[in-house]
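Visitor: This structure is in structure tokens; I'll ask about it shortly.
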Amino acid sequence: MSDAEGEGAVVLDGESLTPAEVAAVAREGAEVAIADEAREAVRAARERVEDVVESDEGVYGVNTGFGELVDERIPREAVAQLQTNLLRSHSAGSGEPLPTEAVRAMLVARVNALVKGYSGVREVVVDHLTALLNEGVHPVVPRTGSLGASGDLAPLAHATIVLIGEGEAGVGDERLDGEAALARAGLEPLTLGAKEGLALINGTQLTVGLGALLVVDTERLVRAADVAGALTTEVTLSSTVPSHPAIQAVRPHDGQADSAANLRRLTADSEIVDSHRNCDRVQDAYSTRCLPQVHGAVRDAVTHLRDAVEVELNSATDNPLVFQRDSIAGRSDDGATAATARASGTDRAAVLSGGNFHGEPLALRLDYLTSALTELAAIAERRVDRMLNPNTQESHLPPFLTTDAGLRSGYMIAQYTAAALVNECRAAGRPSTDNTPVSGNQEDHVSMSATAAWSARETADRAGRVLGIELCCAAQAAEFVDDGLAPGRGSGAAYEAVRERVPPLDEDRPLADELAAVADLVRSGDLEARVNAALDEPLT
């Protein structure tokens, strides 16, 4: 039986890896296997690299230096040492180690890129990387060091130097040197061949691995925002008319329509909504009235990132790339073809140097996501204020959602925390707009895509905590709605889920642990699961 037939494994073929599969490998420990046709592509690409080595022509990444040292030729007998030196010299990261899920996401993304068959590594290299994942050997990778061009060099070097028995890796609760960690997986250290060191580190796999996890997390986050906003809409006696399908139809943004549909679904059968359909209020504040428009725009930003991540997960991001000469016939002008022939030194292989390692396609969208998530947190914080602020809130709610206000502060400081989190979101910056040239100015424009991914990840965490605060406050506000009026099916399920973790606030008490517990309810997906169980159709 081939490893591609392993039951339950995520099968890597270089063409079809999804964010959900990355999350399964990174977080749930799903095993990986290599498709048979991908193995054939790896073997064919390696044969082309061997042809180039035999030709003795100077080819970047095979027998030359790197970066500013590109014009330095390396003799054939030193080619293997060149690749080892590359992993050693580039293992120069700094800071706390990456979390295990980030390392696993990076590794599975790198394997998938290698098995496309354009990097020229041997099959044994791919098998060793796969074994690290399947045997739970997790390289220790410092968080800081990538500029997002030439790819995520330093993180990938730390991740893959373990293959040659160096560096460190975590195995269970132990932190071992590379050779001992390999032994735990039943592996011997590799001696790298031509181009293999560069192929292991030249790519965007930390960025896209984090991006894939972000797609999964933020799609869940925006659904949780719809849930929190729906409950707030009810307890503030706001109208659900702004979610009417007719309004969305004349401004047909996909995200807006989905959030509006969720609001209708969540508040279905709400006696609270029915109780004030004919009230005197003309319009509500923007934070509830414009929920579909704002949440929908965030949804569209997440979709924009998903599109790029799905492409990048299944792309060849190495440099140089190794092609079958016939496969590029007709794809360039005669001059480019002639230059390629001189560079490769063989009629069968074409080695093309380019910039697929540049992280800009991800960096810009990650920064866009950071901006979008900041807005998601900001509108949630404004809804919190509508429930607490005695100068703006509805007459049926007491100041700061507590009886005997003045003697008690209720949820007053929870809103301070939400405001602080929003400010941190706004202060995160937009790393993709920065640039620091490196490598003797050979690499004179970099993307900072890994930094953008971390910024988006941290912003997503903050936004989730703001939503947790909103849910706590909305559940407390529900205690002051007229007795006997039932909330909607979905919003009611959300209320019950919060109440299982946080009791009503009858008198002042420390809130930090309770706010954290509800933030975890959002982050874990438990909130969404509880709500979906109460609905005829799940949230979109």
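Visitor: What whole-number value in Å² describes the accessible area per residue of region 182-225 for a 1.4 Å probe?
Guide: Accessible surface, normalised per residue, equals 21 Å².
Visitor: Moving to a separate point now. Angle check, please: helix 489-499 long axis (alpha carbons) against the longest principal axis of the chain (alpha carbons), in degrees 0 to 90, nearest 10.
Guide: Between helix and principal axis, roughly 80 degrees.
Visitor: Give me the percent relative contact order of the chain, please, defined on Cα pairs under 8 angstrom at least 6 residues apart.
Guide: 18
Visitor: Something else: Sort out for me the Cα centre separation of region 393-447 from region 90-119, rounded to whole Å.
Guide: Taking the Cα centre of region 90-119 as reference, the centre of region 393-447 is 30 Å away.
Visitor: Here's something else I'd like to know. Would you work out the charge dipole size for region 190-291 about its Cα centre, treating the Cβ of every Lys and Arg as +1 and the Cβ of every Asp and Glu as -1, and quote it to the nearest 20 debye?
Guide: For this selection, approximately 240 debye.
Visitor: Under the 0.36 nm per residue contour assumption, what length would be gained going from the current alpha-carbon distance of residue 438 and residue 131 to full extension?
Guide: Values: separation 307, 0.36 × 307 = 110.52 nm, distance 3.41 nm.
The residue 438-residue 131 span can extend by a further 107.1 nm.
Visitor: On the full set of protein chains, 1.4 Å probe, figure out the accessible area of residue 328 and give it in Å² to the nearest 10.
Guide: Rounded to the nearest 10, the figure is 20 Å².
Visitor: Give, in nm to one decimal, the length gained when the segment between residue 36 and residue 353 is fully stretched (0.36 nm per residue of separation minus the Cα-Cα distance).
Guide: Numbers: separation 317, 0.36 × 317 = 114.12 nm, distance 2.77 nm.
In short, 111.4 nm is gained.
Visitor: Helix 291-313 versus the longest principal axis of the chain: what is the Cα-based angle in degrees, 0 to 90, to the nearest 10?
Guide: 10
Visitor: Please sort 92-101, 43-52, 115-124 by packing, taking for each peptide the average over its residues of neighbouring beta carbons within 10 angstrom, highest first. Write out the running numbers ahead of the final one.
Guide: On the way: 92-101: 15.4, 43-52: 19.3, 115-124: 23.7.
Top to bottom by mean Cβ count within 10 Å: 115-124, 43-52, 92-101.
Visitor: Which FRET efficiency, nearest 0.05, do residue 405 and residue 499 yield, Cβ-Cβ r, R0 25 Å?
Guide: In this case the efficiency is close to 0.65.
Visitor: Here is a follow-up. Which whole-number percent is the relative contact order of region 362-508 (Cα, under 8 Å, 6+ apart)?
Guide: 33
Visitor: Test of understanding: what is the full-extension gain from residue 526 to residue 307, defined as 0.36 nm times their sequence separation minus their Cα-Cα distance?
Guide: 76.2 nm
Visitor: For the chain, find the longest principal axis of its Cα atoms and tell me its angle to the long axis of helix 449-478, 0 to 90°, nearest 10.
Guide: The two axes meet at around 20 degrees.
Visitor: In percent, what relative contact order does region 164-269 have, based on Cα pairs under 8 Å that are 6 or more apart in sequence?
Guide: 17
Visitor: Where only protein heavy atoms count, and the probe is 1.4 Å, what is the accessible area per residue for region 14-141 in Å²? It would help to have the intermediate numbers written out before the result.
Guide: Working: 4960 Å² over 128 residues.
Averaged over the residues of region 14-141, the accessible area is 39 Å².
Visitor: Would you mind putting 514-525, 498-509 in packing order, based on average other-beta-carbon counts within 10 Å, highest first?
Guide: Highest to lowest by the protection proxy: 514-525, 498-509.
Visitor: What order, most packed first, do the peptides 152-163, 209-220 have when packing is the mean number of other Cβ atoms within 10 Å of each residue?
Guide: 152-163, 209-220
Visitor: Could you work out [θ]222 nm for the chain from helices alone, using -39500 (n - 2.57) per DSSP H run of at least four and dividing by all its residues? Round to the nearest 500 deg cm²/dmol.
Guide: -17000 deg cm²/dmol
Visitor: Using a Förster radius of 22 Å, what is the FRET efficiency between residue 426 and residue 512 based on their Cβ-Cβ separation? Nearest 0.05, please.
Guide: Given R0 = 22 Å and the Cβ-Cβ separation, E is 0.45.
Visitor: Under a 1.4 angstrom probe, counting protein chains only, how are 137, 53 ranked by accessible area, largest first?
Guide: Highest to lowest solvent-accessible surface, that is 53, 137.
Visitor: Nothing charged except the Cβ atoms of Lys and Arg (+1) and of Asp and Glu (-1): what's the magnitude of the dipole of the chain about its Cα centre? Round to the nearest 20 debye.
Guide: Computed about the Cα centre, the dipole is about 1060 debye.
Visitor: Please give the solvent-accessible surface of residue 74 in Å², to the nearest 10, using a probe radius of 1.4 Å with every protein chain present.
Guide: Accessible surface of residue 74 is approximately 40 Å².
Visitor: Further question on the same structure: Summarise the accessible area of the chain (1.4 Å probe, protein heavy atoms) by the percent that is carbon and sulfur.
Guide: Whole-percent figure for carbon plus sulfur exposure: 49.
Visitor: Still on this structure: May I ask you to give the solvent-accessible area per residue for region 256-302, in square angstrom, as obtained with a 1.4 angstrom probe? Mind showing how you got there, number by number?
Guide: Working: 2100 Å² over 47 residues.
For region 256-302, the per-residue accessible area is 45 Å².
Visitor: How much solvent-accessible surface does residue 451 expose, in Å² to the nearest 10, with a 1.4 Å probe and all protein chains in place?
Guide: Result for residue 451: roughly 60 Å² accessible.
Visitor: Report the charge-dipole magnitude of region 1-158 in Debye, nearest 20, computed about the Cα centre from +1 at each Lys and Arg Cβ and -1 at each Asp and Glu Cβ.
Guide: Around 560 debye, computed over region 1-158.
The values are calculated or read from the model by the stated rules, or taken from the named source; none is laboratory data. All values reported here derive from a predicted model rather than from experimental measurement. Cβ: placed from backbone, ideal geometry, glycine included. Neighbour counts: every protein chain shown. These area figures cover heavy atoms from the full protein model, side chains too; ligands, DNA and RNA do not enter into them. Shrake-Rupley method; radii C 1.70, N 1.55, O 1.52, S 1.80 Å.
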